[in-house]
Every structure is written in C-alpha cells, then in structure tokens.
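One structure is given here, and the rest of the page talks about it.
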C-alpha cells in the first residue's frame, strides 16, 4: 500500500478568492473529451443525484448505483426543516462571511475554514438552481421567497418547503437525474448495492456491486468513483436515519485505503419523539424549525404529575431560555440535547416513561393563531399525532434527543477527493464542512453544494490527467479478487448457521454504542466499549443466522453485511473518542467540561482532523493528523448565553 | 394486544403465491404496523423459517418505499397515512388482518410483499422535470411566484411515489401519480416552457404501463398525502390542449 499523505490542497490567496482562483487554475476537459470518461456514482441522495445529473449535463458518461428501488427514495428525502443560504433576502445582516462564521463556530472550531467559506459562497447558487427546477419553496404574498431562522444563528436564512424541504430538493435532483437517464447520459442501476471499492496502483478504478433482486455480483469500472452514500448514524441501531441507511460503501472504501476522519463526531438531535417500547425500530425526528415557535420546559418539581396544561407558569422551568438568554430555545443542537439529557437525568423528565421534555406551542398559538401554526408546521403536528396519539395543538409535544447525523466520514481534500486518487466523497459520507457539530439546515446545503457546484469542477481536474487512458477493464486481477471477496462474504453469512438474527446483533451493538459513545463519553466507558464491541463481533461471526439463499431478495443477508461493518466502525468511533481528550461539539467527554457543564475544548492539542488509516483486521487503525489553521475566525469558547 | 396475520408469500415473480397465517402476540398499541412485521420476522427466523420480505426504509411516511394492502385497503384504514406510520391502536385487539402486496399489472410482485414500481420512474423520465442545466439559473427572486400558485404546486409535489393510488384503483390506473407531477410543474411559471410537451409525453408513457381512469376516486382516498383528484382534471385539460398546442409549436397545426 502506498504511504499515506494528508494534503488538504487548500488554494492560496484571500479566503474569499480561493475558490474563484482555484476554479481558474484547475485543468479543464474539453467537451469532446468528456464523453471519453466514465464516472461511477454510488448513492442518489442530494449529493449523489445532483452530482450525477450535473456531470451528465457536462457530457461525462455516468453510471449510478442505488440500493433503493428508485433514486427518489434516498434518505435526504426525510429532511424536514430547510436549507441555508446567505441570500440576505431578509436584510438582517447576513453575508457569506456570516454564514461561514456561524458554521465554523457552530462546528466548535473543528472544520476547515476554506471549505466552509466556499460552502457559504455557493449556497446562494443552490437556491437559484432549485427554484429554476421548480422546487416549491415557501413564498411571501408578494411572491418572494420566505425564510425562517434555525438553531445557532441570529439571522433568518433558511429556505423551506413546508416541513418537506428535503423531499422537494431531492425530487428536484432526482428529476434532473431522470432527465439525463432519458437522454442516455446516465446508466441507472436501482436495487444494486456497492460492496467493494476496487483500486489499481492506488487509484480508485471501480466497484463491485450486488443486485438485490437476483443476488448477482458484478464489477464495474470507471475513471473515477464518487461515493455519496450518507452517514453512519444507524450504528446506534435506534436513530432518525432510515432503516437501510448504512456505512458499508464508505467502510469498504476505508478498508481499501481511504482514511476515515473524526469518527467520534456524531450529532444527537434534540427534538425527536421519545422511544415508547422495546420493539421500537427507529426514532422519528421533529424538525428543529419547531424551536422557532415552541418553548421547551419541564416541571420544576420532579414529582409533579399534573397534565402539562394544568401546570402553572410559576411551576415550569423554561431551562433553555433561563440558561441561554440570548439564543434561548434556538441554541445549537449539541447544547440543546445535553441540556435535555440533564433534565431527564435529574428526574424532571415528562411522559409515561419520564424520558422526554415538553416542546410547547400554546403561547405561539395564542400569539399567531391556530392557522399560522398549522401553515408552518401542520404536517409535523400530524406526524406527531399519528405516532403518539396526542394532539400537539392542545398538549405540548414530548421530545428527547436521538442520533441524527454524523459529522465524521471519509477524509477528503479541498477537491472532495479522498487520499485514494480517483475516489471522491460527497455529502454526509465525507467529513468536511461541519466540524464537530452541524447546524440545522446545513446538511441539505452541503449535499447540494458538493454535488451541483463543487465536484463537477474538481473531478475535471483529476480526469484531465487521465486523458487518453481507457478505464481499467473489469477482467483485471484487482476486480477479480475484489469480486471473489464479496462472493466469499455472502457465502460466509449464509453458512454460519447460528441462532441470532442480524437485527438482534445490531440492537445489542447499538445499545453499547449509545451507552458508551453517545451523548456523553468517558474514558472508562470507551475502554469498556473497546472490549465489548470486539467480543460481540466474534459472537456475530459464530452465532449469526441468515436464512434463505443469496440469489433472491434476502433482507437478512443485506443486513448482515451492514451490521458486520458497523462493528468495525463502532470500534473506530470508540478509539477516536478515547484519543480526543477534549470536548467539542457532538463529542462530549465528561472529563473535559467547565463547572457549568459546558464543553471544554483543547485547541492547543486537538485542533486537528483525526484521520485513521486501516491497517488490517487485527491491528488498530493508525492516526494521521491534519492540523486546522484559523486565520479568519477567532478561536473562542462557544457561548450562546 | 394480539393479532392473527394472513400474509401473502410468493417466492418469486414466477411463483403462484399463497397466504400464510401467523400469530402476532404481545403487540403494544404504540407499535407501528411494520414493527409488528419486524416482530413476526424475528419469530420466523428463530423458528428457522424465512422472514417475510417487504419494502420499507424511512419509516416516517416520506420515502414512499413501504406499501401494503391491509384488509384490502392500500396503506390500511387510517386516512392520509402510509403503512409505516399506521399504528396498532387503529386496530381491534384479536383482529385477523390480511396483508397483501400492491395488486396491479404494472407493479409485478418481486417477492412476498415487494413489488416493482419502476414504471413510475419511466413516467418521470418522459418529462417530469424542468430542463435547466446546473449553472444556468437566474437569481431566484427575479421570478416572483404568487403564494397561492406556489402552495398549489406544493400540494401536488407532496406525492411520495408509493403507488397506493395505483393499487387502490380498480383499473390499476396511475392518473393521480402522473397528474401530481405534471401539475406541480405545469402550475409554476418555471414550468411553462415545457408544459405541453411534458403533458403529452408523460400521459402517453403512463398509458403504456397503466390502466385507464374512470374517476372512482379510490386513489385520493388511499393517498397517504391526500392529493386531490382535482389535479387529474387539470391534467386532462392540459392533455387535450397539448394535442393542439404541440402541433402548432412544431408548425403542423391548422391554425397559426
């Protein structure tokens, strides 16, 4: 394996001009040559669909793989609240620099300045593009676009389409993709899952995939491979992610040499519906936008058993408004989540299991009227009522934090290319822009920025260097070997013949990860996790039961491969969390906090990206550091008080 | 709560298929319908029997993956609710529940409760988009869109592509799905340039795969997003008009 070098390739020059000058300096591929290049895109969420469509528009030949039956079902579809952009339509002081600053600060100063600044710059183009595609964003009566505000910021820069913004943006990207499919520029492979990355001479040259209907395993080669396969929140078993969201594509790339960065940065979203029983299969998120109008509180007295509407004002503790007067209910997600956990841990939780806090709309309904609240949040209120059987127009919602997003992911440089040449990683699958904590409405922004406006430029610079070279044929030994590895693994899962289902193992793994690498971590717990996870993994390979065969639809077989990778990823999360002796954003080490319970960063020793190199199944990963330099944002203790 | 489930099992497209009966015990009224299937599947695996295959993903009613005929109703008894959001409190304790895949010629069964809905993608490919390459958009607020228009477009765009409309329709027609996409785009000023070609191409592609609409309104009743069949009327109006307009646009019309 070639030795790892970590060069972020950040262009020179003033931060506001870096992207502009980089775009000029990158090599171009002329239109006639573009069709000589074949690019593989895995994943059809916002990042994958937008990248595939845009590259096809440019003239590249694109092959797209998704495990869904249609690209439109990728989990981006479930994003509710909105997408940020520094349009400053509200004339409230927004700018590229402010969006950049808010994002770096919100990320607790653990992201790359140059990447984030570029994100802020292209955010405005995303809105233009999406409107042109027909995304029905909310409008003012005059026909102009409407905005709302989100956690961690003091301007209104969030664009939204009711509570279905992710759906509408994804449908826009999906439609653009399907247009390219109909034009013959994209070859679409639905219900096909990537199970390995193929590298030749250290470069990404293709993938091995499995057809989820017929079980057929095939190889596909290309000049470059783009992974847009989402995050790894399902390592916790219970999360707000879709059931099938998984880390397998990214993890197999990691095992082929791509560094995995900041695995311990996971985001726990503060406003989800608390778990109700042990059969719970997933947790449902209630958009953060609700915190614009909802007030969070718990009864002051832990013994108070009165229904919420009978508890007088004086007996309520609006703890976020009390502790953080300037941001109040709109503090960033990590702060809000830990504050809720503290209330529940001290016995002031509400609901039958005392495992939630109230999110109350009574005041907003009195101030704005039922109709306005229904217009803003109607579909969320309905969803809440369907799940809990309670009417949030009358009773406050009960909410509790749940795993929602993972800031960590495959390491990429400024060009979104991993340390494996030819392997590009977009969206939640990469680690790049959110530091240790992502702000609300920024995931959609990043996914579309990567796919529409960044990758299509940067991939050209890479491909230009390959002009005249055909793609490595799939008859190459590297493909044959990778394909054999995938076939062996399928056979292995089918032949263990143990007693426990993949879900059973996944649930147990999830509990370890939630308890030890969840909202709060400590040394003893992490060390325990590093013993428990490998032990359970061994058990998995001894006692797994996958029934049926590999040549038809087999949900258990698909799950087995994903759970197998979650074991290894969970171990890396624990190792990363253990080594990072500080608290920052979503990574809260109990040993590192101020007296008031706020996260205590250690900029002197940990102001770097921790990127881990796979060294084999039996040896721990090796850490590589990319030092973060802050020239434009003053490193400060984050304060939202 | 406890239930008896009669579930359609079919090994593959060529298999005839049959019902199997399973007991679901210790069901809590807080459980969703798919969680009951999860529990039944865990029991089956424990007993060495292959679990029931069904499509699902987000489990919050937006991805459109899931879809079951529950006691003969697409997505079950609750209005405006996808199968994953249907909770057991909507059923009577002790009830026998019949679970089938979508039944429609255009949605062949793949296995058990999994069907192939790729015909929907073909309809979208035929024109369910606005042709605007990345980079060629104008500044977003250059084009004011009246709020009422934007809201109506959003009502149509809310479709999750689950296929309940087709499954509920006695003719296996896809008018509601197709109309929702056409009208989302046709209502908006951005969608006008391709309005007539889009309508003609999408309607005619739809007709290659699906049955005809005879206004039973079953689709609207089954739709988890309660999309109005008004959109079908608008689509029909646009389709009739498209036939003349498209000829005029290409210079073949009778009246110039």
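The values are calculated or read from the model by the stated rules, or taken from the named source; none is laboratory data. Quick caveat, the model's predicted, so the values are computed rather than measured. Positions of Cβ are generated from backbone atoms using ideal geometry, with glycine treated the same way; all protein chains shown enter the neighbour counts.
Just to confirm my filter: which helices (runs of 4 or more DSSP H) fall fully inside region B:161-227 and include at least 1 residues that are touching a residue at least 60 places away in the same chain (Cβ under 8 Å) and under 12 Å from the mean Cα position of the chain (by Cα)? Talk me through it step by step, then tell me what you get.
Values: elements: B:164-168, B:175-187, B:195-209, B:218-222.
Hits in region B:161-227: B:164-168, B:175-187, B:218-222.
What are the pairs, 6+ residues apart or on separate chains, where a residue within region A:127-153 that is within 7 Å of chain B (Cβ to nearest Cβ) and over 23 Å from residue A:47 (Cα atoms) has its Cβ under 9 Å from a residue that is modelled with pLDDT under 95 and not in a helix (DSSP H, G or I)?
Close Cβ pairs satisfying both conditions: A:143/B:143.
Somewhere in region A:481-489, is a residue in contact with a helix residue (DSSP H, G or I) (Cβ under 7 Å, 6 or more places away or on another chain) and under 30 Å from residue A:211 (Cβ atoms)? Spell out how you get there, then give the answer.
So the first thing to find is which residues in region A:481-489 are in contact with a helix residue (DSSP H, G or I) (Cβ under 7 Å, 6 or more places away or on another chain), and the list is A:489.
Next, from what is left, pick out any that are under 30 Å from residue A:211 (Cβ atoms): A:489.
The answer is yes, given that some residue of region A:481-489 is in contact with a helix residue (DSSP H, G or I) (Cβ under 7 Å, 6 or more places away or on another chain) and under 30 Å from residue A:211 (Cβ atoms).
Which residue is farthest from the chain's Cα centre (by Cα), if the candidates are limited to region B:35-67 and must be part of a helix (DSSP H, G or I), farther than 11 Å from residue B:3 by Cβ and within 7 Å of chain A (Cβ to nearest Cβ)?
The qualifying residue farthest from the chain's Cα centre (by Cα) is B:45.
Quick check on my filter: what residues within region B:1-37 are under 22 Å from residue A:213 (Cβ atoms) and without any contact (Cβ under 8 Å) to a residue 12 or more places away in the chain?
If the condition is that a residue be under 22 Å from residue A:213 (Cβ atoms) and without any contact (Cβ under 8 Å) to a residue 12 or more places away in the chain, then B:14, B:15, B:16, B:18 are the ones that fit.
Quick check on region A:162-176: of everything there that is within 8 Å of chain B (Cβ to nearest Cβ) and at pLDDT below 95, which residue is surrounded by the most Cβ atoms within 10 Å (Cβ to Cβ)?
Per the criteria, the residue is A:164.
Could you tell me whether residue B:105 is under 22 Å from residue B:169 (Cβ atoms) and surrounded by fewer than 17 Cβ atoms within 10 Å (Cβ to Cβ)?
Numbers: under 22 Å from residue B:169 (Cβ atoms): yes; surrounded by fewer than 17 Cβ atoms within 10 Å (Cβ to Cβ): yes.
Taking the combined requirement at face value, the residue satisfies it.
Can you tell me which residues in region A:182-220 are free of Cβ contacts under 8 Å to residues at least 60 places away in the same chain and in contact with a helix residue (DSSP H, G or I) (Cβ under 6 Å, 6 or more places away or on another chain)?
Correct list: A:182 only.
Looking at region A:238-248, can you tell me whether even one residue there is outside any loop (DSSP other than H, G, I, E, B) and either in contact (Cβ under 8 Å) with a residue 24 or more places away in the chain or surrounded by fewer than 24 Cβ atoms within 10 Å (Cβ to Cβ) (or both)? First the steps, then the outcome.
So in region A:238-248, the residues outside any loop (DSSP other than H, G, I, E, B) come out as A:248.
Keeping just the survivors that are either in contact (Cβ under 8 Å) with a residue 24 or more places away in the chain or surrounded by fewer than 24 Cβ atoms within 10 Å (Cβ to Cβ) (or both) gives A:248.
Yes: region A:238-248 contains one or more residues that are outside any loop (DSSP other than H, G, I, E, B) and either in contact (Cβ under 8 Å) with a residue 24 or more places away in the chain or surrounded by fewer than 24 Cβ atoms within 10 Å (Cβ to Cβ) (or both).
Which residue out of A:321, A:313, A:288 is more than 14 Å from chain B (Cβ to nearest Cβ) and within 23 Å of the chain's Cα centre (by Cα)? Show your work before the answer.
Details: A:321 fails: within 23 Å of the chain's Cα centre (by Cα); A:313 fails: within 23 Å of the chain's Cα centre (by Cα).
Within the list A:321, A:313, A:288, the selection yields A:288.
Go through region B:228-242 and give me each residue that's within 27 Å of residue A:130 (Cα to Cα) and either in contact (Cβ under 8 Å) with a residue 40 or more places away in the chain or surrounded by 15 or more Cβ atoms within 10 Å (Cβ to Cβ) (or both). So that I can check it myself, show each step before the final result.
Here is the first cut: in region B:228-242, the residues within 27 Å of residue A:130 (Cα to Cα) are B:228-232, B:234-235, B:238-239, B:242.
Within region B:228-242, B:228, B:229, B:231, B:232, B:234, B:235, B:238, B:239, B:242 meet the criteria.
Yes or no, residue by residue, for (1) assigned to a strand (DSSP E or B); (2) within 14 Å of chain B (Cβ to nearest Cβ); (3) within 27 Å of residue A:120 (Cα to Cα):
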{"position": "A:47", "(1), (2), (3)": "no, yes, yes"}
{"position": "A:69", "(1), (2), (3)": "no, yes, no"}
{"position": "A:77", "(1), (2), (3)": "no, yes, yes"}
{"position": "A:89", "(1), (2), (3)": "no, yes, yes"}
{"position": "A:93", "(1), (2), (3)": "no, no, yes"}
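Any residue at all in region B:230-237 that is modelled with pLDDT of 95 or more, outside any helix (DSSP H, G or I) and under 26 Å from residue B:76 (Cβ atoms)? Explain how you work it out, then say what you get.
If we filter region B:230-237 for residues that are modelled with pLDDT of 95 or more, which is where we start, we get B:230-237.
Then keep just the ones that are outside any helix (DSSP H, G or I); that gives none.
Checked region B:230-237: no residue is modelled with pLDDT of 95 or more, outside any helix (DSSP H, G or I) and under 26 Å from residue B:76 (Cβ atoms).
Scan (1) assigned to a loop (DSSP other than H, G, I, E, B); (2) buried (at least 19 other Cβ atoms within 10 Å of the Cβ) for the single condition residue A:591 breaks and write down its number.
Tallying (1) assigned to a loop (DSSP other than H, G, I, E, B); (2) buried (at least 19 other Cβ atoms within 10 Å of the Cβ), residue A:591 fails exactly one: (2).
State all residues of region A:474-503 that are surrounded by 18 or more Cβ atoms within 10 Å (Cβ to Cβ) and within 14 Å of chain B (Cβ to nearest Cβ); if no residue qualifies, say none.
A:493, A:494, A:500, A:501, A:502, A:503
Within region B:71-84, can you find the residues that are in contact with a strand residue (DSSP E or B) (Cβ under 8 Å, 6 or more places away or on another chain) and crowded, with 21+ Cβ neighbours inside 10 Å?
Answer for region B:71-84, where residues must be in contact with a strand residue (DSSP E or B) (Cβ under 8 Å, 6 or more places away or on another chain) and crowded, with 21+ Cβ neighbours inside 10 Å: B:76, B:83, B:84.
Of all the residues that make up region B:86-114, how many are under 19 Å from residue B:56 (Cβ atoms) and not in a loop (DSSP other than H, G, I, E, B)?
Matching residues across region B:86-114 total 11.
Can you pull out every residue in region A:341-351 that is over 14 Å from residue A:321 (Cβ atoms) and touching a residue at least 12 places away in the same chain (Cβ under 8 Å)? If you could, list the steps in order and put the result at the bottom.
Here is the first cut: in region A:341-351, the residues over 14 Å from residue A:321 (Cβ atoms) are A:341-342, A:344-351.
Within region A:341-351, A:341, A:342, A:344, A:346, A:347, A:348, A:349, A:350, A:351 qualify.
Please verify whether residue A:224 is more than 10 Å from chain B (Cβ to nearest Cβ) and under 30 Å from residue B:125 (Cβ atoms), treating the condition exactly as stated.
Against the criterion (more than 10 Å from chain B (Cβ to nearest Cβ) and under 30 Å from residue B:125 (Cβ atoms)), residue A:224 qualifies.
Just one of (1) part of a loop (DSSP other than H, G, I, E, B); (2) closer than 27 Å to residue A:53 by Cα trips up residue A:110, so point out which.
(2)
Give the residue that is nearest to residue B:84 (Cα to Cα), with candidates limited to residues of region B:121-146 that are part of a helix (DSSP H, G or I) and at the interface with chain A (Cβ under 7 Å from one of its Cβ atoms).
Initial filter on region B:121-146 (part of a helix (DSSP H, G or I)): B:121-125, B:140-142.
With at the interface with chain A (Cβ under 7 Å from one of its Cβ atoms) added as a condition, the list becomes B:121, B:124-125, B:140-141.
Values: B:121: 22, B:124: 25, B:125: 28, B:140: 36, B:141: 38 Å.
Taking the candidates together, the pick is B:121.
For the structure I just gave you, tell me whether residue B:90 is within 8 Å of chain A (Cβ to nearest Cβ), more than 25 Å from residue B:121 (Cβ to Cβ) and surrounded by fewer than 19 Cβ atoms within 10 Å (Cβ to Cβ).
Numbers: within 8 Å of chain A (Cβ to nearest Cβ): no; more than 25 Å from residue B:121 (Cβ to Cβ): yes; surrounded by fewer than 19 Cβ atoms within 10 Å (Cβ to Cβ): yes.
So residue B:90 fails the test.
With the checklist (1) over 18 Å from the mean Cα position of the chain (by Cα); (2) free of Cβ contacts under 8 Å to residues at least 40 places away in the same chain; (3) more than 19 Å from residue A:172 (Cβ to Cβ) in hand, flag the one item residue B:133 doesn't pass.
All conditions pass for residue B:133, except number (3).
Here is a check on your reading of the model: is residue A:559 more than 21 Å from residue A:252 (Cα to Cα), buried (at least 17 other Cβ atoms within 10 Å of the Cβ) and either free of Cβ contacts under 8 Å to residues at least 24 places away in the same chain or touching a helix residue (DSSP H, G or I) at 6+ places or on another chain (Cβ under 9 Å) (or both)?
no
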